[in-house]
Amino acid sequence: MKNDNLKALVRYAMLIALTTVMTMVIQIPTVGTEGYLNLGDMVVFLAALILGKKGGFIVGGFGSAMADLLTGYTHYVPITFIVKGLEGFIAASLLETKIGQRRPLIATSIAGVFMAFGYFVPEIFMYGKAAIASIPGNIMQGLLGAITSVVLYTALKRTEGFN
């Protein structure tokens, strides 16, 4: 039992760290909202695929918020924690359905679109009409994360040591 707990803890820690790093490695500033596009969604969805709802929320929330904190986007930390945490939770919840199990790309894509609108709502209050400019980029970011995570997860499942 202790070995299973340790294995889970290591997976959480590695995926949180990987989310933080992938969010920080490439940052493309968005017009009008002082935000940025990144590759962190890929790891959030990977966590949802591997760890389920709880893991998707924890990895998405903590990993993404940590990246905002470390890169100076402190005004986004609470928003990111909630939006990215829910993104991972929603993806994992949808992945538990029959459709999600057969077509994981649909589940992760829906969660990615949620993320775009999840940021849009608070950004309306922060930036007014300029918040609309962030929607297309965030949708593209979510869809890129959805595609890459499903491809990576499919490849990982085929390896011998991945359980």
Among residues belonging to the range 38-74 that are buried (at least 20 other Cβ atoms within 10 Å of the Cβ) and of a type in the set (S, T, N, Q), point out the one that is nearest to V113 (Cα to Cα). N38
Inspect the range 121-141 for any residue being at pLDDT below 95 and within 17 Å of A47 (Cα to Cα) and give the result as yes or no. yes
Across the range 80-106, what is the number of residues that are surrounded by fewer than 20 Cβ atoms within 10 Å (Cβ to Cβ) and either within 16 Å of T20 (Cβ to Cβ) or hydrophobic (A, V, I, L, M, F, W, C) (or both)? 5
Restrict the check to the range 118-128 and report whether at least one residue is exposed (fewer than 15 other Cβ atoms within 10 Å of the Cβ), of a type in the set (D, E, K, R) and part of a helix (DSSP H, G or I). no
Flag if L15 is surrounded by 20 or more Cβ atoms within 10 Å (Cβ to Cβ) and out of contact with any Lys or Arg (no Cβ under 6 Å at 6 or more places or on another chain): yes
Test result for I106, among the hydrophobic types (A, V, I, L, M, F, W, C) and modelled with pLDDT of 95 or more: yes
Tell me which of these V31 doesn't satisfy, since it passes every other one: (1) in contact (Cβ under 8 Å) with a residue 60 or more places away in the chain; (2) assigned to a helix (DSSP H, G or I); (3) hydrophobic (A, V, I, L, M, F, W, C). (2)
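The values are calculated or read from the model by the stated rules, or taken from the named source; none is laboratory data. All values derive from a computational prediction rather than experimental measurement. All Cβ positions, even for glycine, are placed from backbone atoms using ideal geometry, and neighbour counts span all protein chains on display.
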